[in-house]
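Read-outs: derived from the displayed coordinates by stated rules, not from any lab. Here the structure is a predicted model, which means the values were calculated and not measured. Note that we place each Cβ from the backbone using ideal geometry, even for glycine, and neighbour counts take in every protein chain shown.
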Amino acid sequence: MIVGRVAGAKASRRHKVAVWRSMMEVHAAVLKEIEADLANKHGLSLNEFDALINVPAAGIGFRELTDRVILSQSALSRLVDRLEVRGLVVRIGAEGDSRAVDVDLTEEGKKLVRNAARTNAAAVERAFADRLSGEELEYLYEVFSRLLGGPVEV
């Protein structure tokens, strides 16, 4: 284990960069597997899935959705356009603010999200979680929570 090699000693800059690089490579490899499953089984990109899974059953304001996903406002707007054309979401004018827009899932969108969420969870387990012990998962969760300033909500 890399951490064991530097226990009690200050990690070198090279080692720090190697740890960062390793994390980025693992992230890319896992995302590639997850995205392949979502595309093959549901015709969704990872960004499309991320947007859909972040629309609650009661809908969401577009600005709030922008805060929840890892896309710029303009990229999210184009993505929501594509999801709307596919019949997965609808845009509705927000009550009380003529400039604001809410995004709601259609019935077809809700069904797709349920199925794709199961596919996503299975892919995360297969590509990531099943390769680690419970202790390793807990350690990573604690480290990532600290780096993010608090626990990650799922």
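Using Cα pairs closer than 8 Å and at least 6 residues apart in sequence, work out the relative contact order for the chain, in percent.
About 22 percent, as a whole number.
I want to verify a result. In a Gaussian network model of the chain, Cα cutoff 10 Å, which of these has the top mean-square fluctuation: Lys41, Lys16, Lys32?
Lys16
Cα centroid distance between the stretch 55-102 and the stretch 132-150, in Å?
31 Å
Placing +1 at every Lys and Arg Cβ and -1 at every Asp and Glu Cβ, with all other atoms neutral, what dipole size does the chain have around its Cα centre, in debye to the nearest 20?
About 760 debye.
Go ahead and run the numbers for FRET between Ser12 and Glu153, Cβ-Cβ distance against an R0 of 25 Å, rounding to 0.05.
0.10
At most 16 other C-beta atoms within 10 Å and a DSSP loop state: those are the exposed GluC sites (Glu not before Pro) I care about. Give me the longest piece of the chain that has none.
Value returned for the longest uninterrupted segment is 1-94.
With P(r) over Cα pairs in 10 Å bins from 0, in percent in mind, check [x] 9, 31, 30, 19, 9, 2; [y] 11, 43, 36, 10, 0; [z] 9, 27, 30, 20, 8, 4, 1, 0 and report the label derived from this structure.
Only one option fits the structure, namely [x].
On a 0 to 90° scale, report how tilted helix 73-85 is relative to the longest principal axis of the chain, with both axes built from alpha carbons and the result rounded to the nearest 10.
Between helix and principal axis, roughly 60 degrees.
Which whole-Hz ³J(HN,Hα) couplings does the stretch 105-112 yield from phi under the Karplus relation 6.51 cos²θ - 1.76 cosθ + 1.60, θ = phi - 60°, glycine and proline marked x?
Residue by residue, the stretch 105-112 yields 7, 7, 4, 4, x, 4, 5, 5 Hz.
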